[in-house]
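What follows is a single structure, written as structure tokens, with notes after it.
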Amino acid sequence: NWLGGSFAWIWLLIVMIPLYWIVITSFKTQANYFGTNPLAPPSDLTFENYQLVVENDFVRYFANSAVVTIGAVIPATVISFMAAYAIVRGVGNRFLKGVNALFLLGLAIPLQAVIIPVYLIIIRLQMYDTLAAIILPSIAFAIPLSVLVLSNFIRDVPKELFESMRMDGATEWGTLWRLAFPLTRPALVTVVIYNGLGIWNGFLLPLVLTQSPDQRTIPLALASFQGQFGVNIPAIAASVVLTTVPIVLL
């Protein structure tokens, strides 16, 4: 499909232009940025923008985002995987059927609609202005979609394999980790990446559930950088590059 392939390459170039602009801008001085073509490579390469960003507690914000993302993605994935396995293997169980319906109901409730109840719960638990206040709701809102994706994937595993494991004397726990886990790795990777992207870029929960600068995550830090370095566009570009690198690696 030469027509489709040509449009795909054109779209790739269109997407790469802003990424290219952000990267080259992060290595420019302010004078170089305002005095040259925005798409021209830096004539005076400098790392001062990255140094400026790092000196303004960017490492702390980066660590906070890493703790929140890892602390939410791993439990959400493990819980969702075990729940999906139980739902698929427990067909006909009324309790598990109700649990599955509860998870599906969670897909219909956006975070913005329940941010006030979540805030009140965190206040009652005396967890306000902590990273745990961000991690727990992130886990809760990551589980419904993860269960849906993983349960649909586990249903595609041939039932004969489960029966063979049972005839060999394997327990449900052993079947879960020795059979279902290896065969659902593509779905697990999909869930990890999707949830990781959403939690890493999350803005509303850190904004509402934290207050002190020590608990800021990267999205909040970027907002503060835009205010603190409102006229220093290269510094803002450097902070965006540092924020994007982990997502690209993931």
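The values are calculated or read from the model by the stated rules, or taken from the named source; none is laboratory data. Here the structure is a predicted model, which means the values were calculated and not measured. All Cβ positions, even for glycine, are placed from backbone atoms using ideal geometry, and neighbour counts span all protein chains on display. Side chains included, ligands, DNA and RNA excluded: accessible areas come from the protein's heavy atoms. Shrake-Rupley method; radii C 1.70, N 1.55, O 1.52, S 1.80 Å.
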Subject >> Positions within the range 200-250 being open to solvent by 60 Å² or more (accessible area, probe 1.4 Å), in contact (Cβ under 8 Å) with a residue 12 or more places away in the chain, more than 18 Å from the chain's Cα centre (by Cα) and under 16 Å from Phe58 (Cα atoms), in sequence order >> reply: Pro213, Asp214, Gln228
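Kindly indicate whether Leu161 is farther than 20 Å from Val73 by Cα and in a helix (DSSP H, G or I).
On the way: farther than 20 Å from Val73 by Cα: yes; in a helix (DSSP H, G or I): yes.
So Leu161 fits the description; yes.
More than 30 Å from Ser212 (Cβ to Cβ), modelled with pLDDT of 90 or more and hydroxyl-bearing (Ser, Thr, Tyr): which single residue out of Thr25, Thr69, Thr29 fits that description? Spell out how you get there, then give the answer.
Details: Thr69 fails: more than 30 Å from Ser212 (Cβ to Cβ); Thr29 fails: modelled with pLDDT of 90 or more.
Just a single option satisfies the conditions, and that option is Thr25.
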Original post:
If we scan the range 60-70, do we find a residue that is among the polar types (S, T, N, Q) and closer than 30 Å to Phe181 by Cβ?
Top reply: yes
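Can you name every residue in the range 21-38 that is polar (S, T, N, Q) and either within 11 Å of Ala235 (Cα to Cα) or exposed (fewer than 12 other Cβ atoms within 10 Å of the Cβ) (or both)? Steps first, answer last, please.
Restricting attention to the range 21-38, the residues satisfying the condition of being polar (S, T, N, Q) are 25-26, 29-30, 32, 36-37.
Selection gives Thr25, Ser26, Thr29, Gln30, Asn37.
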Subject >> Evaluation of Met165 against (1) open to solvent by less than 20 Å² (accessible area, probe 1.4 Å); (2) at pLDDT below 90 (one fails), failing number >> reply: (1)
**OP:** Starting from residues that are open to solvent by 20 Å² or more (accessible area, probe 1.4 Å) and either aromatic (Phe, Trp, Tyr) or outside any helix (DSSP H, G or I) (or both), keep the ones in the range 135-158 and report whichever is nearest to Arg216 (Cα to Cα).
**Re:** Phe141
Original post:
Are there any pairs with C-beta distances below 8 angstrom linking a residue in the range 103-114 that is over 18 Å from Phe203 (Cα atoms) to a residue that is of a type in the set (Phe, Trp, Tyr), with the two at least 6 apart or on different chains, and if so which?
Top reply: Gly106/Phe141
Original post:
What pairs can you find where one residue is in the range 188-199 and closer than 22 Å to Thr217 by Cα, the other is of a type in the set (A, V, I, L, M) and outside any helix (DSSP H, G or I), and their Cβ atoms are less than 8 Å apart, with a gap of 6+ or different chains?
Top reply: Ile193/Leu250; Gly196/Leu250; Leu197/Leu250
**OP:** Look at Arg185 and say whether it is open to solvent by 60 Å² or more (accessible area, probe 1.4 Å), more than 15 Å from Ser65 (Cβ to Cβ) and either in contact (Cβ under 8 Å) with a residue 40 or more places away in the chain or not β-branched (Val, Ile, Thr) (or both).
**Re:** yes
**OP:** Kindly indicate whether Asp44 is under 17 Å from Pro219 (Cα atoms), touching a residue at least 12 places away in the same chain (Cβ under 8 Å) and acidic (Asp, Glu).
**Re:** no
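State whether one or more residues within the range 168-176 are open to solvent by less than 50 Å² (accessible area, probe 1.4 Å), outside any helix (DSSP H, G or I) and touching a helix residue (DSSP H, G or I) at 6+ places or on another chain (Cβ under 9 Å).
Applying the first criterion (open to solvent by less than 50 Å² (accessible area, probe 1.4 Å)) to the range 168-176 yields 170, 174-176.
Those left that are additionally outside any helix (DSSP H, G or I): 170.
Adding the requirement that they be touching a helix residue (DSSP H, G or I) at 6+ places or on another chain (Cβ under 9 Å) leaves 170.
Scanning the range 168-176, I find at least one residue that is open to solvent by less than 50 Å² (accessible area, probe 1.4 Å), outside any helix (DSSP H, G or I) and touching a helix residue (DSSP H, G or I) at 6+ places or on another chain (Cβ under 9 Å), so the answer is yes.
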